[in-house]
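See below for the structure under consideration.
The values are calculated or read from the model by the stated rules, or taken from the named source; none is laboratory data. The structure displayed is predicted, hence computed values, not measured ones. Neighbour counts run over all protein chains shown; Cβ positions are idealised from the backbone, glycine included. The area values use the complete protein model at the heavy-atom level, side chains included, leaving out ligands, DNA and RNA. Shrake-Rupley method; radii C 1.70, N 1.55, O 1.52, S 1.80 Å.
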Amino acid sequence: MKKISAVMIMGIFLLVTTFKTQAQTNATWQTKAIESYHVAIAFSKTTNIIFPYSIVSVDIGSRDVLAQKAKGVENILQIKAAKDSFPQTNISIVTADGKLTSFLVDYAEQPTVLNLSLTSAAKQNTIFIPSESINQEQMENYALMAFESRHKMRGIKDKTFGIRLKLNALFIHDNIMLMRFNIANETNINYDIDQLRMYIRDQKKSKRTATQEIEILPVLVHNNTNKVIGQSDTTIVFVVPKFTIPDKKYLAIQLMEKNGGRHLELHVKNKEIVKAVPVN
């Protein structure tokens, strides 16, 4: 009888332990719905969203929305409508502290709010993405190394009306990638830069399939400028989070002239991205 009791006690103990382990496992994988913020934007006005940390990347759900970081700062995102009365879409932003913030975006002819500030108290609409912290001083040092390096790559360039854009080097260090661009102005007319932006796009677009562009925003720009004087050239280094390009997609790099028509675009495939060399 004592043996039977011992066996029963052991069985009950194992059963309780199993249920407890199961409960702990379920708790580990428990999910929670996180509501998005809401923002209304207009075609003729710019909305500014201020984040507590530098912006690492932006994912726009529709081409109806334009987004870019404010010039000279890393934590302000500027958004506006590419056309009026577009259907609701969304935009997701990853910041340097490893947080993902999501917005539902609607069109409004006269938005009631044009400037939003996200403080550290706004936790409920963000989720944590594990990532290593980025040291600003180290990034600046690596960007300087990439700027001065003699390493060059060939074949990725575009030229129009005397303006040439070239991706002439690509470097990697841990979780950051360094992209070195050269912009040459072979005319006597100064080239005023409106924007230099990068997107991951689909190679082929279907009318029945919603297209999604992923914009890659630099966390640091070395030797940044907004003008290339006539008969001169300049070199700029973008520091971005490391990435590769999925199948059937490519990286589009756009250089747009302010109040002008000399626009250039580079197309970079994944086979070029994976050739990035260590920066040293």
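Restricting attention to the range 244-274 and to residues that are among the hydrophobic types (A, V, I, L, M, F, W, C) and in contact with a helix residue (DSSP H, G or I) (Cβ under 8 Å, 6 or more places away or on another chain), the residue that is modelled with the highest pLDDT turns out to be L251. Between A42, A33, the distinction of being more than 21 Å from the chain's Cα centre (by Cα), more than 26 Å from L220 (Cβ to Cβ) and open to solvent by 20 Å² or more (accessible area, probe 1.4 Å) belongs to A33 only. Looking only at residues in the range 64-120 that are without any contact (Cβ under 8 Å) to a residue 40 or more places away in the chain and polar (S, T, N, Q), which one is surrounded by the fewest Cβ atoms within 10 Å (Cβ to Cβ)? If we take residues in the range 64-120 being without any contact (Cβ under 8 Å) to a residue 40 or more places away in the chain and polar (S, T, N, Q), then S85 is surrounded by the fewest Cβ atoms within 10 Å (Cβ to Cβ).
When the criteria are applied in full, P241 meets the requirement of being closer than 17 Å to A169 by Cα and not charged (D, E, K, R).
Does the range 19-38 hold any residues that are modelled with pLDDT under 85 and either among the aliphatic types (A, V, I, L, M) or not in a loop (DSSP other than H, G, I, E, B) (or both), and which are they? Quick ask: steps written out before the conclusion?
Taking the range 19-38 and keeping what is modelled with pLDDT under 85, we get 19-36.
Within the range 19-38, F19, K20, T21, Q22, A23, Q24, T25, N26, A27, T28, A33, I34 meet the criteria.
Tell me, which residue of the range 232-280 that is more than 15 Å from the chain's Cα centre (by Cα) and among the small types (G, A, S) is surrounded by the fewest Cβ atoms within 10 Å (Cβ to Cβ)? Checking each candidate, the answer is G261. Within the range 239-259, residues that are touching a residue at least 60 places away in the same chain (Cβ under 8 Å) and assigned to a loop (DSSP other than H, G, I, E, B) have Cβ atoms under 6 Å from residues that are open to solvent by less than 70 Å² (accessible area, probe 1.4 Å) and not aromatic (F, W, Y) in these pairs: K242/N175; K242/M177; K258/D192; K258/D194, counting only partners at least 6 apart in sequence or on another chain. Within the range 143-160, take every residue that is over 14 Å from F181 (Cβ atoms) and not in a loop (DSSP other than H, G, I, E, B) and give me the one that is least open to solvent (accessible area, probe 1.4 Å). It comes out as T160.
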